[in-house]
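As structure tokens, the structure follows; a few thoughts come after it.
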Amino acid sequence: MSKAAAPVTEAPDRSDGPAHVAIIMDGNGRWAAARGLPRAEGHRRGVEALRRVVRACDELGIRYLTIFSFSSENWSRPASEIGDLFGLLRRFIRNDLATLHRDGVRVRVIGERDGLEPDICALLSEAEELTRSNTKLTLVVAFNYGSRQEIARAAQRLAREVAEGRRDPGSIDADAIGCYLDAPDIPDPDLIIRTSGEQRLSNFLMWQAAYSELVFVPQHWPDFDKAALEGAIAEFGRRERRFGGLVAKTAS
């Protein structure tokens, strides 16, 4: 798998830092439980953390931010919690979309939309369409997303092309699969952060994470802020990125 593609938007020269940061926003429920608050309050505070981090990414010259908003496995949670999460998504888009657009943020959505409520699909499409021409930070929202499912959808598309005689099976390689992922034009993440101390990807960007640096931080997501992001980026800067060969990035 190749390294991240050249950025498609203009941004400050920050060649020593990650161009694409992806975050598994974990720990809302544990944050709330530690304070004797309902889980819904933890999710609400998590949205506030997201606002902080979006601003911080812009200030730090990060070009792409991917967030794990709602996983395909989250459907196993209680219906009341799913309702709370969807309500937060609705409010976030309705309340924050104008600000994101004003600030030049482009919104992209990855994941499966079949089966989602029509108003959710409409809001996701509205966010993408309104911000389509923005050229600063690209905010990629992984919603109803699972990496295994994404790879399976790509394989199904390639299999249909072979069955219809439009593709030679021998032409299927890593690049061909990559072209049929949900956002093939977005470069792979340089840095993946997971909050709340857990140390796994949990079906998030598994294909794209082949050469990502992984940083796990102890803070629950509602406590995550610019300083925590800068700390993760500093850790990224201390890594040697070899990509299976020579050192691509030395410690600063």
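The values are calculated or read from the model by the stated rules, or taken from the named source; none is laboratory data. Keep in mind the model is a prediction, meaning the values are calculated, not measured. Virtual Cβ from ideal backbone geometry, glycine too; neighbours counted across all protein chains shown. Please note that ligands, DNA and RNA were not included when accessible areas were found on the heavy atoms of the full protein model with its side chains. Shrake-Rupley method; radii C 1.70, N 1.55, O 1.52, S 1.80 Å.
Backbone geometry of the range 68-74 corresponds, through the Karplus equation with coefficients 6.51, -1.76 and 1.60 at θ = phi - 60°, to 3J(HN,Hα) couplings of 8, 7, 8, 8, 5, 7, 5 Hz, x marking Gly and Pro. Placing a pseudo-label 7 Å from each Cα along the Cα-to-Cβ vector at residue 128 and residue 101 gives an inter-label distance of 1.7 nm. If the segment from residue 153 to residue 55 were pulled out straight at 0.36 nm per residue, it would be longer than the present Cα-Cα gap by 32.0 nm.
As a fraction of the 1.4 Å probe accessible area of the range 100-252, surface on carbon and sulfur atoms comes out at 50 percent.
What you get for the chain, charging only the Cβ of Lys and Arg (+1) and of Asp and Glu (-1), is a dipole of about 380 debye around the Cα centre.
The residues neighbouring residue 92, those whose beta-carbon lies less than 11 Å from its own, together hold a net charge of +3 under the Lys/Arg +1, Asp/Glu -1 convention. Across the chain, the convex hull enclosing all Cα atoms gives 137 Å³ per residue.
Protection proxy ranking, highest mean first, for peptides 41-48, 188-195, 199-206: 188-195, 41-48, 199-206, where packing is the per-residue count of other beta-carbon atoms within 10 Å, averaged.
When the chain is described by a simple charge dipole with +1 on each Lys and Arg Cβ and -1 on each Asp and Glu Cβ, the residue from 98, 217, 115 located farthest towards its positive end is 217. The label-point distance for residue 119 and residue 160, in a model that sets each label 7 Å from Cα toward Cβ, rounds to 3.1 nm. Comparing 71, 147, 171 in a Gaussian network model of the chain, where Cα atoms under 10 Å apart are tied by springs, the biggest mean-square fluctuation is seen for 171.
Spin-label model, residue 168 to residue 75: label points 7 Å out along the Cα-to-beta-carbon direction sit 3.9 nm apart. Over all orientations, the range 43-101 has a Cα convex hull whose mean projected area works out to 4.5 square nanometres. Taking packing as the residue-averaged number of other Cβ atoms within 10 angstrom, the listed peptides 159-167, 78-86 run from highest to lowest as 78-86, 159-167. Normalising the average separation of contacting C-alpha pairs (under 8 angstrom, six or more residues apart) by the number of residues puts the relative contact order of the chain at 28 percent. Using R0 = 22 Å, the C-beta based FRET efficiency linking residue 210 and residue 235 works out to 0.70.
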